[in-house]
Structure formats: structure tokens, C-alpha cells
1. For the ranges 171-180, 71-80, what's the packing order if you count other beta-carbon atoms within 10 Å of each residue, average per peptide, and put the highest first?
2. Between residue 202 and residue 7, 0.36 nm times their residue separation minus their Cα-Cα distance comes to what?
3. Spin-label point model (7 Å from Cα, Cβ direction): what's the residue 72 to residue 156 distance in nm?
4. With Cβ to Cβ distances under 12 Å as the rule, what net charge do the other residues near residue 103 carry (K, R +1; D, E -1)?
5. Got a sec to turn the phi values of segment 105-120 into Karplus ³J(HN,Hα) couplings, 6.51 cos²θ - 1.76 cosθ + 1.60 with θ = phi - 60°, whole Hz, x for Gly and Pro?
6. Run the simple label-point estimate for residue 168 and residue 93 please: 7 Å along Cα→C-beta, distance reported in nm.
7. Shape verdict for segment 147-198, please, from the Cα gyration tensor: rounded (a/c under 1.5), prolate (a/b greater than b/c) or oblate.
8. On a full-extension model of 0.36 nm per residue, what is the gain between residue 176 and residue 102, subtracting their alpha-carbon distance, rounded to one decimal in nm?
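Coordinate-derived values only; no laboratory data. What you are looking at is a predicted structure, and each value in this text was computed from that prediction instead of being measured. So basically every Cβ, Gly included, is an ideal-geometry build from the backbone, and we count neighbours across all protein chains shown.
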Amino acid sequence: MKEKTKELKNKLEQLAGEIVVNGEEMDRYIKSWRNGFHSYSFGNMLLIYFQKGNATLCAGYKTWQKKGRHIKKGQKGISILAPVFKKIKEEVKNGKGEKEKVEKIITLFREVKIFDVSQTEGKDLENEVSNYVDGRESKITFEEIKDIFTFEVEVVKNVVEGGSTNGKSVKVAKSENGAFMLSSLFHELGHCYLNHVGDKEKTREVKEIEAEAVAYIVSSYFDIQDEGSKFYIKNWGGDKETVKKSGLKILQTAEKIIRKIEEGNKK
């Protein structure tokens, strides 16, 4: 396994070097990225692209099973690198010059296999999380507000996540639950207004916590009860201190979206 991981890392360096000096390959890669790879790291997007250039939506074996789909016979998995976090104790000197052991988290990588939607068959994709979003008390609808923002909003079918964004436009998964679509829209708008796309300083975890917190505040304001959102921060491994540090920015972003919707409804 270690040898395979090392091989993938070496391949990644090679691919990155090749793509930046080839204009046509770069254009093709960017197009693939815009089609839905941005939930993966840059490196993994590159590995996906060069192993299966026509891939549009990738997930692991168990994820496809949960979505009611199975891998077609004879399909070969796409290799990517998954992070593994390990706690170690490191000896350092304290302020008094004395040696002491402190706990440190290091990141390692291992190979995992994923499959594109074209390699699967079964149930049409529908986001189960939508069952936990209740908007019966809300006075706004997705169709009423989707065009009031400066970001273009597009409704798409057959996606695993509730939505995605490239920072300039937003894609929202089609669902019979309009409240779920609203919640997904608020989440992606959070990413847009917080300028998450292209921000290399923040981790994906922090970006998702911030965006979902924005979505939860806006949803609650408009009487949309999103039970899944309550547990989102926990699911991403975030802690209260992380959210506190982003608190003011989250509130300001949520307020911006709320005011935009209210102004739009007055017209």
C-alpha cells in the first residue's frame, strides 16, 4: 500500500508538470473541474482527470451503495489519495528551556478507489438529506429568489451533493423538496460571498463549516427547519473554537443574503 501511495504521489507531480505546459490539456482540465470535481483536492482532481477524462461525478463504493447504485461489472476504480490523520508526541523545549512532550497531528496519505457515475447503475440520484429539511412554514420559494443574486443559479439533476459553486455561479441539485433546494442555495451563496473558491489559506473543513453556518442562519430566519444542518459541523470534524473565530464573518454574510432576499421580495 505504501508503495502504491508513493507511486500516486510521484504520478501527481508528473501530471502537474505536464499540464501546466500544455495549453490544450489545461483547458480540458479546467472544463472538467467546472463540471463538478471541486469537492476533491486539486491533486485528486488531477488524478481523476488523467485516469478518466470524461468523469463528471465521482464517489466511493460505499457512497454509491447508499445512493442505491452499484458498480457495473468489470469497471476499474479510479485511484486517489485520501488523508489519514495521526496523533504523535514530539519532544520540544518549553519557555524555560526544559524538554517536554507535546501532542501533534500529522497528515499521511493512502490510496483509495472511487468510481464515476457512468461506471454505476441503479436508482436515480436523489439527495436523502432533503428529507430532513422542512420549509412548510416558510414564505419564500426557491423559484422566487434564485434570480435576485448576482451569481447565476442553475438547477441540475443527478448529483450526490446538494450543490456546488465555482465562485461565480451556483449549481443546485433538483429535488421535490423546495426547502432543501433553498438550504443548498444558501450554503453555496455562503461560499461565494465568503470568497472561498481560490482561498488557499483556509482548509476545506473551515470553509464548509462557515458556509453551512451561513445556510443554517438564513434558513432559520425564513422558517426553514434544517435538522441535517444542525449536525453538519460535527460531521465535518469541526469544533466550537473554529466556529467562534469565524462568527462575525458568518453573521455578516448571513445578513447580506437575508437583506438581499427581503429587498428582492419588495420589488
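1. Packing proxy ranking, top to bottom: 171-180, 71-80.
2. This chain segment gains 67.4 nm when fully extended.
3. 2.0 nm
4. In short, +2.
5. Ordered by residue, 3J(HN,Hα) equals 9, 10, 10, 10, 10, 9, 7, 9, 9, 10, 9, 6, 4, 5, 8, 10 Hz.
6. About 5.2 nm, to one decimal.
7. It is prolate, given that a/c is not under 1.5 and a/b is the larger ratio.
8. Here the segment from residue 176 to residue 102 would lengthen by 21.5 nm.
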